Amino acid sequence: MKAFRRFAKKERAARLEEVAIPNLQKNDVLVKVSHCGICGSDLHAWLNHKGYESVLPEVTFGHELSGTIVQSTVQDGKYHVGQKVVMIALQTQHDPSDPFCQNGLPQLSPRRRVQGLHLDGGMAEYIAVEEEFLLPIPEGLSMELAALTEPLSVAEHCIENRTSIQKNDRVVVSGPGIIGMLCAISARSRGAEVVMVGTEMDEEIRLSAARKLGFETIIVGPQLTPLCKQVEEKFPGGADALVEASGAPVALSEAWRSVRPNGTVTAIALYSRTIDLDLTQFLRKQIDLRTSYASSKPDYLRAFELFKNGQVNAEDLISNYQLKDAEQGFKDSENLRVMKAVLNCQK
(Lines give C-alpha, C1' and ligand atoms only; values in the text may rest on other atoms or scores of the structure.)
Protein backbone atom coordinates (compact mmCIF):
# COMPACT_ATOMS: atom_id res chain seq x y z
CA MET A 1 0.00 0.00 0.00
CA LYS A 2 1.02 3.65 -0.33
CA ALA A 3 1.81 5.76 2.75
CA PHE A 4 3.24 9.23 3.36
CA ARG A 5 6.04 8.55 5.82
CA ARG A 6 8.71 10.37 7.71
CA PHE A 7 12.05 8.63 7.09
CA ALA A 8 14.46 10.63 9.27
CA LYS A 9 14.50 13.09 12.17
CA LYS A 10 15.20 16.14 10.07
CA GLU A 11 13.32 18.90 8.27
CA ARG A 12 10.98 17.87 5.44
CA ALA A 13 12.18 14.27 5.59
CA ALA A 14 8.97 12.58 4.43
CA ARG A 15 7.87 10.95 1.18
CA LEU A 16 5.32 8.63 -0.35
CA GLU A 17 6.47 5.04 0.11
CA GLU A 18 5.22 1.56 -0.74
CA VAL A 19 4.81 -0.43 2.49
CA ALA A 20 3.02 -3.56 3.66
CA ILE A 21 -0.58 -3.43 4.80
CA PRO A 22 -0.43 -3.42 8.64
CA ASN A 23 -0.56 -6.69 10.51
CA LEU A 24 -3.29 -6.71 13.14
CA GLN A 25 -2.53 -7.26 16.81
CA LYS A 26 -5.00 -8.28 19.51
CA ASN A 27 -8.02 -5.92 19.65
CA ASP A 28 -7.02 -4.25 16.37
CA VAL A 29 -9.19 -3.47 13.39
CA LEU A 30 -7.99 -2.67 9.88
CA VAL A 31 -9.45 0.53 8.47
CA LYS A 32 -9.42 1.45 4.80
CA VAL A 33 -8.69 5.16 5.02
CA SER A 34 -10.96 7.47 3.05
CA HIS A 35 -9.73 10.94 4.03
CA CYS A 36 -6.99 12.25 6.33
CA GLY A 37 -6.37 15.86 7.31
CA ILE A 38 -2.98 17.54 7.57
CA CYS A 39 -2.81 18.85 11.13
CA GLY A 40 -0.60 21.58 12.55
CA SER A 41 1.13 18.87 14.58
CA ASP A 42 1.91 16.97 11.36
CA LEU A 43 3.35 20.17 9.94
CA HIS A 44 5.51 20.80 13.01
CA ALA A 45 6.81 17.23 12.90
CA TRP A 46 7.46 17.48 9.15
CA LEU A 47 9.48 20.65 9.78
CA ASN A 48 11.23 18.97 12.76
CA HIS A 49 10.32 21.83 15.08
CA LYS A 50 11.33 22.08 18.71
CA GLY A 51 8.83 20.35 21.00
CA TYR A 52 8.33 17.41 18.66
CA GLU A 53 11.33 15.35 19.74
CA SER A 54 9.08 12.43 20.73
CA VAL A 55 7.94 11.86 17.13
CA LEU A 56 9.42 8.66 15.70
CA PRO A 57 12.16 9.07 13.09
CA GLU A 58 10.24 6.67 10.83
CA VAL A 59 6.46 6.86 10.97
CA THR A 60 3.40 7.30 8.77
CA PHE A 61 1.89 10.69 9.50
CA GLY A 62 -1.81 11.40 10.01
CA HIS A 63 -4.30 11.32 12.89
CA GLU A 64 -7.37 13.14 11.51
CA LEU A 65 -8.98 10.38 9.52
CA SER A 66 -12.20 8.77 8.38
CA GLY A 67 -12.44 5.29 6.93
CA THR A 68 -14.22 1.95 6.69
CA ILE A 69 -13.48 -1.21 8.69
CA VAL A 70 -12.35 -4.05 6.44
CA GLN A 71 -10.99 -6.55 8.99
CA SER A 72 -11.06 -7.14 12.76
CA THR A 73 -9.38 -9.36 15.35
CA VAL A 74 -11.94 -8.43 18.00
CA GLN A 75 -14.42 -11.15 18.91
CA ASP A 76 -17.88 -9.80 19.78
CA GLY A 77 -16.56 -6.28 19.29
CA LYS A 78 -18.60 -3.09 19.02
CA TYR A 79 -17.76 -2.60 15.36
CA HIS A 80 -18.22 -4.66 12.23
CA VAL A 81 -16.73 -4.93 8.77
CA GLY A 82 -18.18 -2.24 6.53
CA GLN A 83 -18.76 0.24 9.34
CA LYS A 84 -17.60 3.83 8.79
CA VAL A 85 -15.47 5.21 11.61
CA VAL A 86 -13.20 7.99 12.80
CA MET A 87 -10.20 7.52 15.06
CA ILE A 88 -9.57 9.13 18.44
CA ALA A 89 -6.12 10.57 17.79
CA LEU A 90 -4.67 11.11 21.25
CA GLN A 91 -4.90 7.69 22.83
CA THR A 92 -4.71 6.47 26.41
CA GLN A 93 -5.78 2.89 27.04
CA HIS A 94 -8.53 3.02 29.65
CA ASP A 95 -7.36 2.20 33.16
CA PRO A 96 -9.87 2.74 36.00
CA SER A 97 -6.96 3.34 38.40
CA ASP A 98 -5.60 6.21 36.28
CA PRO A 99 -6.84 9.50 37.82
CA PHE A 100 -6.95 11.12 34.39
CA CYS A 101 -9.24 8.38 33.10
CA GLN A 102 -11.34 8.69 36.26
CA ASN A 103 -11.82 12.41 35.63
CA GLY A 104 -12.59 12.14 31.93
CA LEU A 105 -9.24 13.61 30.86
CA PRO A 106 -7.37 10.68 29.30
CA GLN A 107 -5.56 13.08 26.96
CA LEU A 108 -3.58 14.37 29.96
CA SER A 109 -2.35 10.96 31.13
CA PRO A 110 1.42 10.42 30.90
CA ARG A 111 0.55 7.14 29.15
CA ARG A 112 -0.94 8.98 26.17
CA ARG A 113 0.25 8.63 22.60
CA VAL A 114 -0.69 10.19 19.27
CA GLN A 115 -1.29 7.74 16.46
CA GLY A 116 0.43 9.27 13.46
CA LEU A 117 3.35 10.61 15.51
CA HIS A 118 4.17 7.79 17.95
CA LEU A 119 2.90 4.90 15.82
CA ASP A 120 1.83 4.65 12.20
CA GLY A 121 -1.06 6.89 11.25
CA GLY A 122 -3.64 7.50 8.57
CA MET A 123 -1.88 9.14 5.61
CA ALA A 124 -2.02 5.75 3.97
CA GLU A 125 -4.43 3.46 2.21
CA TYR A 126 -4.91 1.37 5.38
CA ILE A 127 -4.32 1.80 9.11
CA ALA A 128 -4.47 -0.59 12.07
CA VAL A 129 -6.30 0.90 15.07
CA GLU A 130 -7.18 -0.51 18.48
CA GLU A 131 -10.96 -0.83 18.63
CA GLU A 132 -11.06 1.25 21.83
CA PHE A 133 -10.04 4.31 19.82
CA LEU A 134 -12.75 4.21 17.16
CA LEU A 135 -16.09 6.00 16.94
CA PRO A 136 -18.88 5.30 14.42
CA ILE A 137 -19.60 8.04 11.91
CA PRO A 138 -23.21 9.25 12.13
CA GLU A 139 -25.51 8.38 9.24
CA GLY A 140 -25.42 10.98 6.47
CA LEU A 141 -22.08 12.57 7.40
CA SER A 142 -19.67 12.60 4.45
CA MET A 143 -16.29 10.92 4.84
CA GLU A 144 -14.61 14.16 3.79
CA LEU A 145 -16.26 16.18 6.54
CA ALA A 146 -15.85 13.37 9.07
CA ALA A 147 -12.08 13.79 8.68
CA LEU A 148 -12.52 17.12 10.52
CA THR A 149 -13.99 15.43 13.59
CA GLU A 150 -10.70 15.41 15.51
CA PRO A 151 -9.87 19.12 15.07
CA LEU A 152 -13.50 20.04 15.77
CA SER A 153 -13.33 17.97 18.96
CA VAL A 154 -10.26 19.96 20.00
CA ALA A 155 -12.22 23.18 19.46
CA GLU A 156 -15.19 21.78 21.38
CA HIS A 157 -12.99 20.89 24.36
CA CYS A 158 -11.62 24.43 24.36
CA ILE A 159 -14.96 26.22 24.12
CA GLU A 160 -17.10 23.91 26.27
CA ASN A 161 -14.63 22.90 28.98
CA ARG A 162 -11.89 25.50 29.11
CA THR A 163 -13.60 28.75 28.13
CA SER A 164 -17.24 28.18 29.13
CA ILE A 165 -18.58 30.56 26.48
CA GLN A 166 -22.31 31.15 26.65
CA LYS A 167 -25.08 32.92 24.75
CA ASN A 168 -24.43 36.62 24.03
CA ASP A 169 -20.79 36.46 25.16
CA ARG A 170 -18.47 38.66 23.12
CA VAL A 171 -15.56 36.60 21.88
CA VAL A 172 -12.30 37.30 20.08
CA VAL A 173 -10.54 34.41 18.33
CA SER A 174 -6.91 35.21 17.56
CA GLY A 175 -5.54 33.11 14.71
CA PRO A 176 -7.78 32.13 11.74
CA GLY A 177 -6.22 28.72 11.09
CA ILE A 178 -8.44 25.66 11.17
CA ILE A 179 -8.43 25.33 14.98
CA GLY A 180 -9.20 29.02 15.43
CA MET A 181 -11.94 28.80 12.80
CA LEU A 182 -13.51 25.76 14.43
CA CYS A 183 -13.31 27.45 17.86
CA ALA A 184 -15.18 30.40 16.35
CA ILE A 185 -17.83 28.07 14.91
CA SER A 186 -18.12 26.27 18.25
CA ALA A 187 -18.50 29.55 20.14
CA ARG A 188 -21.08 30.88 17.68
CA SER A 189 -23.11 27.68 17.99
CA ARG A 190 -23.57 28.59 21.66
CA GLY A 191 -24.93 32.02 20.79
CA ALA A 192 -21.73 34.04 21.19
CA GLU A 193 -20.81 37.02 19.02
CA VAL A 194 -17.41 36.23 17.52
CA VAL A 195 -14.73 38.32 15.83
CA MET A 196 -11.73 36.66 14.17
CA VAL A 197 -8.25 38.19 14.17
CA GLY A 198 -5.44 37.59 11.70
CA THR A 199 -2.51 39.26 9.99
CA GLU A 200 -2.23 40.59 6.45
CA MET A 201 -0.75 37.21 5.48
CA ASP A 202 -4.06 35.61 6.51
CA GLU A 203 -6.18 37.92 4.40
CA GLU A 204 -6.28 36.10 1.05
CA ILE A 205 -7.29 32.66 2.28
CA ARG A 206 -8.11 32.47 5.97
CA LEU A 207 -9.80 35.76 6.79
CA SER A 208 -11.61 35.59 3.47
CA ALA A 209 -12.95 32.17 4.48
CA ALA A 210 -13.95 33.55 7.87
CA ARG A 211 -16.08 36.25 6.26
CA LYS A 212 -17.70 33.69 3.94
CA LEU A 213 -18.67 31.81 7.08
CA GLY A 214 -20.27 34.97 8.47
CA PHE A 215 -17.60 36.20 10.91
CA GLU A 216 -16.41 39.77 11.24
CA THR A 217 -12.63 40.05 10.96
CA ILE A 218 -9.84 42.23 12.29
CA ILE A 219 -6.38 42.59 10.73
CA VAL A 220 -3.41 43.29 13.00
CA GLY A 221 0.20 44.22 12.29
CA PRO A 222 3.00 46.59 13.33
CA GLN A 223 1.73 49.45 11.16
CA LEU A 224 -1.97 48.94 11.93
CA THR A 225 -4.30 50.03 14.73
CA PRO A 226 -3.57 47.96 17.88
CA LEU A 227 -5.88 45.02 18.40
CA CYS A 228 -7.15 46.31 21.73
CA LYS A 229 -8.42 49.53 20.11
CA GLN A 230 -10.11 47.64 17.29
CA VAL A 231 -11.73 45.31 19.82
CA GLU A 232 -12.88 48.27 21.91
CA GLU A 233 -14.69 49.68 18.87
CA LYS A 234 -16.51 46.39 18.41
CA PHE A 235 -16.92 45.37 22.06
CA PRO A 236 -16.92 48.47 24.31
CA GLY A 237 -15.25 47.62 27.62
CA GLY A 238 -13.48 44.61 26.11
CA ALA A 239 -14.34 41.07 25.07
CA ASP A 240 -15.73 38.57 27.55
CA ALA A 241 -13.32 35.93 26.27
CA LEU A 242 -10.34 35.65 23.97
CA VAL A 243 -9.21 32.37 22.44
CA GLU A 244 -5.56 32.44 21.36
CA ALA A 245 -5.09 30.03 18.47
CA SER A 246 -2.36 31.72 16.44
CA GLY A 247 0.72 30.51 18.31
CA ALA A 248 2.22 34.01 18.14
CA PRO A 249 3.81 34.79 21.53
CA VAL A 250 2.87 38.49 21.35
CA ALA A 251 -0.79 37.57 20.78
CA LEU A 252 -0.90 35.77 24.13
CA SER A 253 1.23 38.24 26.07
CA GLU A 254 -0.92 41.18 24.91
CA ALA A 255 -4.28 39.40 25.22
CA TRP A 256 -5.14 41.12 28.52
CA ARG A 257 -5.51 44.43 26.69
CA SER A 258 -8.53 43.18 24.70
CA VAL A 259 -10.45 41.46 27.51
CA ARG A 260 -12.73 43.03 30.10
CA PRO A 261 -12.05 42.71 33.84
CA ASN A 262 -13.03 39.24 35.11
CA GLY A 263 -12.92 37.85 31.57
CA THR A 264 -11.03 34.83 30.27
CA VAL A 265 -8.10 34.15 27.95
CA THR A 266 -7.67 30.58 26.75
CA ALA A 267 -4.54 29.47 24.89
CA ILE A 268 -5.12 26.55 22.54
CA ALA A 269 -2.08 27.07 20.31
CA LEU A 270 1.39 25.63 20.79
CA TYR A 271 4.27 28.11 21.00
CA SER A 272 7.75 27.74 19.56
CA ARG A 273 9.49 29.66 22.35
CA THR A 274 9.12 30.82 25.93
CA ILE A 275 6.70 33.73 26.27
CA ASP A 276 7.50 36.89 28.22
CA LEU A 277 4.24 37.36 30.11
CA ASP A 278 3.45 40.38 32.33
CA LEU A 279 1.18 38.46 34.67
CA THR A 280 0.52 41.55 36.78
CA GLN A 281 -1.58 43.00 33.95
CA PHE A 282 -3.76 39.89 33.92
CA LEU A 283 -3.97 39.98 37.72
CA ARG A 284 -5.08 43.62 37.92
CA LYS A 285 -8.02 42.84 35.63
CA GLN A 286 -8.59 39.45 37.31
CA ILE A 287 -8.49 37.73 33.94
CA ASP A 288 -8.50 33.93 34.03
CA LEU A 289 -5.58 32.67 31.95
CA ARG A 290 -6.34 29.11 30.86
CA THR A 291 -5.00 26.49 28.50
CA SER A 292 -6.72 23.83 26.45
CA TYR A 293 -5.10 20.62 25.22
CA ALA A 294 -6.45 18.04 22.78
CA SER A 295 -9.81 16.34 23.44
CA SER A 296 -11.55 13.19 24.62
CA LYS A 297 -14.52 11.08 23.54
CA PRO A 298 -17.33 13.44 24.74
CA ASP A 299 -15.77 16.23 22.66
CA TYR A 300 -15.89 14.01 19.56
CA LEU A 301 -19.55 13.28 20.20
CA ARG A 302 -20.35 17.00 20.47
CA ALA A 303 -18.41 17.55 17.24
CA PHE A 304 -20.73 15.06 15.53
CA GLU A 305 -23.71 17.10 16.75
CA LEU A 306 -22.27 20.27 15.19
CA PHE A 307 -21.86 18.43 11.91
CA LYS A 308 -25.40 17.10 12.04
CA ASN A 309 -26.74 20.59 12.78
CA GLY A 310 -25.03 22.00 9.69
CA GLN A 311 -22.67 24.25 11.64
CA VAL A 312 -19.57 23.26 9.60
CA ASN A 313 -19.30 23.81 5.85
CA ALA A 314 -16.64 21.70 4.10
CA GLU A 315 -16.77 23.80 0.94
CA ASP A 316 -15.33 26.91 2.67
CA LEU A 317 -12.77 25.01 4.76
CA ILE A 318 -11.33 22.02 2.91
CA SER A 319 -8.87 21.79 0.02
CA ASN A 320 -8.60 18.23 -1.29
CA TYR A 321 -5.38 16.50 -2.38
CA GLN A 322 -4.69 13.00 -3.59
CA LEU A 323 -2.46 10.89 -1.36
CA LYS A 324 0.31 11.04 -3.98
CA ASP A 325 0.26 14.84 -3.61
CA ALA A 326 0.66 14.82 0.17
CA GLU A 327 3.94 16.73 0.08
CA GLN A 328 2.28 19.53 -1.88
CA GLY A 329 -0.48 19.61 0.73
CA PHE A 330 2.15 20.08 3.44
CA LYS A 331 3.85 22.86 1.48
CA ASP A 332 0.57 24.67 0.83
CA SER A 333 -0.34 24.36 4.52
CA GLU A 334 3.03 25.76 5.56
CA ASN A 335 2.64 28.72 3.19
CA LEU A 336 -0.96 29.49 4.28
CA ARG A 337 -2.32 28.76 0.81
CA VAL A 338 -5.17 26.66 2.17
CA MET A 339 -7.46 26.70 5.16
CA LYS A 340 -7.40 22.93 5.63
CA ALA A 341 -5.60 20.38 3.46
CA VAL A 342 -7.29 16.97 3.42
CA LEU A 343 -5.86 13.94 1.62
CA ASN A 344 -8.08 11.56 -0.31
CA CYS A 345 -6.23 8.36 0.53
CA GLN A 346 -7.91 6.18 -2.12
CA LYS A 347 -6.82 8.35 -5.07
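So here's what we get for this one:
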read-out	value
Candidates Gln322, Gln223, Gln93, ranked by Gaussian network fluctuation over the chain, Cα under 10 Å, top entry	Gln223
Listed residues Ser253, Pro236, Thr264: farthest to the positive end of the dipole of segment 202-347 (Cβ charges)	Thr264
Lysines whose Cα lies under 28 Å from that of Lys78, excluding same-chain neighbours fewer than 8 positions away	Lys26, Lys32, Lys297, Lys308
Mean-position separation - Cα centroids, segment 272-310 and segment 24-52, in angstrom	23 Å
Rg followed by Dmax, in Å, when segment 33-93 is reduced to its Cα trace	14.5, 43
Longest site-free stretch - the chain; sites: GluC sites (Glu not before Pro), DSSP loop, at most 10 other Cβ within 10 Å	140-347
Computed [θ] at 222 nm, deg cm²/dmol, the chain (DSSP H ≥ 4; -39,500 (n - 2.57); rounded to nearest 500)	-6000 deg cm²/dmol
Rg to Rh quotient for segment 239-302, alpha carbon positions, Kirkwood Rh	1.02
Segment Lys212-Tyr293, length gained on full extension (0.36 nm per residue, minus Cα span)	26.4 nm
Antiparallel %, DSSP beta bridges [both residues in the chain], to 5	50 percent
Ratio Rg/Rh, restricted to the chain and using Cα atoms, in which Rh is the Kirkwood radius	0.97
Qualifying aspartates and glutamates (Cα of each under 14 Å from Cα of Lys347; at least 8 residues distant if same chain)	Glu125, Glu144, Asp325
Residue with peak Gaussian network fluctuation, the chain [Cα springs, cutoff 10 Å], from Asn168, Asn309, Asn103	Asn103
Set of lysines with alpha-carbon distance to Lys229 below 23 Å, sequence-local pairs under 8 removed	Lys285
Calculated FRET value between Arg284 and Lys167, using beta carbons and R₀ = 25 Å, to 0.05	0.30
Nearest 10 degrees, 0 to 90: helix 297-308 Cα axis against the chain principal axis	80 degrees
Principal axes of segment 218-260: Cα extent on each, largest first, Å	25, 22, 13
Computed lengthening from Gln93 to Lys324, 0.36 nm per intervening residue step minus Cα-Cα distance	79.9 nm
Rounded FRET efficiency, nearest 0.05, which uses the C-beta distance separating Lys347 from Glu232 and R0 of 51 Å	0.55
Where labels lie 7 Å past Cα in the beta-carbon direction, separation of Leu277 and Asn262 in nm	2.3 nm
With every protein chain in place, segment 207-312: carbon and sulfur % of accessible area (1.4 Å)	50 percent
Debye, to nearest 20: dipole size of the chain, +1 on Lys, Arg Cβ, -1 on Asp, Glu Cβ	240 debye
Relative counts (whole %) of C-alpha pair distances in segment 132-196, using bins that are 10 Å wide	21, 46, 26, 6
Ala20 versus Gln75: modelled label distance in nm, points set 7 Å from Cα along the beta carbon direction	2.5 nm
Whether segment 1-152 is rounded, prolate or oblate, judged on the alpha carbon gyration tensor where a/c under 1.5 counts as rounded	oblate
The chain: most fluctuating residue of Thr225, Thr199, Thr291 per GNM, C-alpha cutoff 10 Å	Thr225
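The values are calculated or read from the model by the stated rules, or taken from the named source; none is laboratory data. Computed from a predicted model, the values in this text were never measured in an experiment. No Cβ is skipped: glycine too gets one built from the backbone with ideal geometry, and neighbour counts run over all protein chains shown. Note: accessible area is taken over every heavy atom of the protein model, side chains too, but ligands, DNA and RNA are not part of it. Shrake-Rupley method; radii C 1.70, N 1.55, O 1.52, S 1.80 Å.
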